[in-house]
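Undergrad: Could you have a look at this structure, given as structure tokens, before my questions?
The values are calculated or read from the model by the stated rules, or taken from the named source; none is laboratory data. Being a predicted model, the structure only gives us computed values, none of them experimental. Using ideal geometry, Cβ is built from the backbone for each residue, glycine included, and neighbour counts are taken over all protein chains shown.
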Amino acid sequence: MTDIDAPEAAPTRVGDEGLDARLVVDRGAFRLDVSLTAAPGDVVALLGPNGAGKTTALRALAGLVALTDGHLRLDGAPLEDTPPESRPVGVVFQDYLLFPHLTALDNVAFGPRCQGVPRAEARTQAAAWLERMGLADHAHAKPRRLSGGQAQRVAVARALATRPRLLLLDEPLAALDARTRLEVRAQLRRHLAEFEAVAVLVTHDPLDAMVLADRLVVIEHGQVVQQGTPADIARHPRTDYIAQLVGLNLYRGRADGHAVRLDAGPSLTTTEELSGPVFVAFPPSAVTLFRDRPTGASARNLWRCEVEGMETHGDQIRADLTGELALAADLTTVAAAELDLHPGAAVWATVKATQTHAYPA
């Protein structure tokens, strides 16, 4: 696993090892056309809004959805015409889908048994996997006796017990409560770091993706719109969805030196000196609000706005603003009370040029 602050690097490939796929699936008016490559040891997260095609891509990799076009090669071997049960692929579903009538041990042993491993040996292998997952004491428990976190770890052990060359995880933490999710996420990160083949994770949670994945692939409307390391995606969002995902205000415009004329809105001043089409981003925490127009303020960027809505965001209040520039601003509950903020309130918003980040579009 790479640290999220490491610079972006192209995925390494050794010969024909790893995943090389172009997934084209036509479903009525929807068309998925996504290319994915990954080397053994890579963890790739697919992110995107509902209906973007993430789950369709995962099901195509598993063989549960047929390709309309494209290709799917794993370690150099074509899999397009290989039935799901014959693919070296392990899947962890959102709802785990453990066999309710089998113990945790026999759930994990099921995969090796299907591969022809004798019963006793399969159970020995399963016991070793459960011990690695910290579940040795629950080997003889049936799924209904397991907590959500324990069931998730059994599902991961069952997928890994077949020694897959491709591990697919479909929202693996979505069914867990917040406290359990934190613990299991850390455990899953450790297991994925030890996994020697390719892992592909589908999630709607940016924190899951940032913690678990080496590389993010963002899909919108069936197409890849951006990919890179978590750090690169967070620093250089290229669509509104990604900006909202990582919590940034994002605008597109044309730069002339330090001034950027926005496509939809006023001009912005930035510290970067650029020319041509650019993106400008800044966090909601960079926005300072005033009820009256500030005098003598050092901020180079100043807009008259109106509070459209307010909501609790962590331990702060997030105000959605409209007016000369639509943007989100974060402030403490004390500051919101002192400003007497409420929907419809007129405010002035400022952002210092040093708190903006401009980069080529």
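Undergrad: Taking region 327-360 as the region of interest, how many residues are over 20 Å from residue 295 (Cβ atoms), surrounded by fewer than 16 Cβ atoms within 10 Å (Cβ to Cβ) and touching a strand residue (DSSP E or B) at 6+ places or on another chain (Cβ under 8 Å)?
TA: Qualifying residue count, region 327-360: 7.
Undergrad: Sticking with this structure for a sec: Please work out which residue is surrounded by the fewest Cβ atoms within 10 Å (Cβ to Cβ), limiting yourself to region 57-85 and to residues that are assigned to a helix (DSSP H, G or I) and touching a residue at least 40 places away in the same chain (Cβ under 8 Å).
TA: The residue in question is 62.
Undergrad: Return the residues of region 146-173 that are in a loop (DSSP other than H, G, I, E, B), within 14 Å of residue 94 (Cβ to Cβ) and without any contact (Cβ under 8 Å) to a residue 40 or more places away in the chain; say none if nothing qualifies.
TA: 173
Undergrad: When region 100-145 is examined, which residues are found to be hydrophobic (A, V, I, L, M, F, W, C), assigned to a loop (DSSP other than H, G, I, E, B) and either in contact with an Asp or Glu (Cβ under 7 Å, 6 or more places away or on another chain) or under 16 Å from residue 188 (Cβ atoms) (or both)?
TA: Correct list: 133, 135.
Undergrad: In the same structural domain as residue 271 (by TED's automatic domain parsing), out of contact with any Asp or Glu (no Cβ under 7 Å at 6 or more places or on another chain) and not in a strand (DSSP E or B): is that true of residue 329 in this structure?
TA: The answer is no for residue 329.
Undergrad: Show the residue pairs that are 6+ apart or on different chains and have beta-carbon atoms under 6 Å apart, the first residue being within region 301-328 and touching a residue at least 60 places away in the same chain (Cβ under 8 Å), the second being of a type in the set (A, V, I, L, M, F, W, C).
TA: Between residues of region 301-328 that are touching a residue at least 60 places away in the same chain (Cβ under 8 Å) and residues that are of a type in the set (A, V, I, L, M, F, W, C), the close pairs are 325/303; 327/321.
Undergrad: Go through the residues of region 251-269 one by one and say whether even a single one is over 30 Å from residue 213 (Cβ atoms), in contact with a helix residue (DSSP H, G or I) (Cβ under 7 Å, 6 or more places away or on another chain) and of a type in the set (Val, Ile, Thr).
TA: yes
Undergrad: Let me ask you something else. Counting only residues that are closer than 25 Å to residue 164 by Cα, small (Gly, Ala, Ser) and surrounded by fewer than 19 Cβ atoms within 10 Å (Cβ to Cβ), how many does region 18-38 have?
TA: The number of residues fulfilling the criteria is 1.
Undergrad: Would you please name the residue that is nearest to residue 57 (Cα to Cα), looking only at residues in region 90-99 that are of a type in the set (A, V, I, L, M, F, W, C) and part of a loop (DSSP other than H, G, I, E, B)?
TA: Looking at residues that are of a type in the set (A, V, I, L, M, F, W, C) and part of a loop (DSSP other than H, G, I, E, B), I get 93.
Undergrad: How many residues are farther than 21 Å from residue 59 by Cα and either buried (at least 16 other Cβ atoms within 10 Å of the Cβ) or without any contact (Cβ under 8 Å) to a residue 24 or more places away in the chain (or both) if we restrict to region 196-205?
TA: Adding up the residues that qualify gives 0.
Undergrad: Scan 257, 222 and give me the residue that is small (Gly, Ala, Ser), at positive phi and not assigned by TED's automatic domain parsing to the domain that holds residue 169.
TA: That would be 257, the only listed residue that is small (Gly, Ala, Ser), at positive phi and not assigned by TED's automatic domain parsing to the domain that holds residue 169.
Undergrad: Restricting to region 174-184, name every residue that is aliphatic (A, V, I, L, M) and either assigned to a helix (DSSP H, G or I) or not assigned by TED's automatic domain parsing to the domain that holds residue 43 (or both).
TA: Scanning region 174-184 gives 178, 182, 184.
Undergrad: A further question on this structure: Mind checking whether some residue in region 347-360 is over 24 Å from residue 236 (Cα atoms) and hydrophobic (A, V, I, L, M, F, W, C)?
TA: yes
Undergrad: If the Cβ limit is 9 Å and pairs must be 6+ apart or interchain, which residue in region 96-107 that is among the aromatic types (Phe, Trp, Tyr) pairs with which residue that is surrounded by 19 or more Cβ atoms within 10 Å (Cβ to Cβ) and assigned to a loop (DSSP other than H, G, I, E, B)?
TA: Here the result reads 96/172, each pair linking region 96-107 to a residue that is surrounded by 19 or more Cβ atoms within 10 Å (Cβ to Cβ) and assigned to a loop (DSSP other than H, G, I, E, B).
Undergrad: Just to be sure, is residue 20 within 24 Å of residue 195 (Cα to Cα), touching a Ser or Thr at 6+ places or on another chain (Cβ under 7 Å) and at pLDDT 95 or above?
TA: yes
Undergrad: What about residue 260, is it at pLDDT 90 or above, surrounded by fewer than 19 Cβ atoms within 10 Å (Cβ to Cβ) and among the β-branched types (Val, Ile, Thr)?
TA: no
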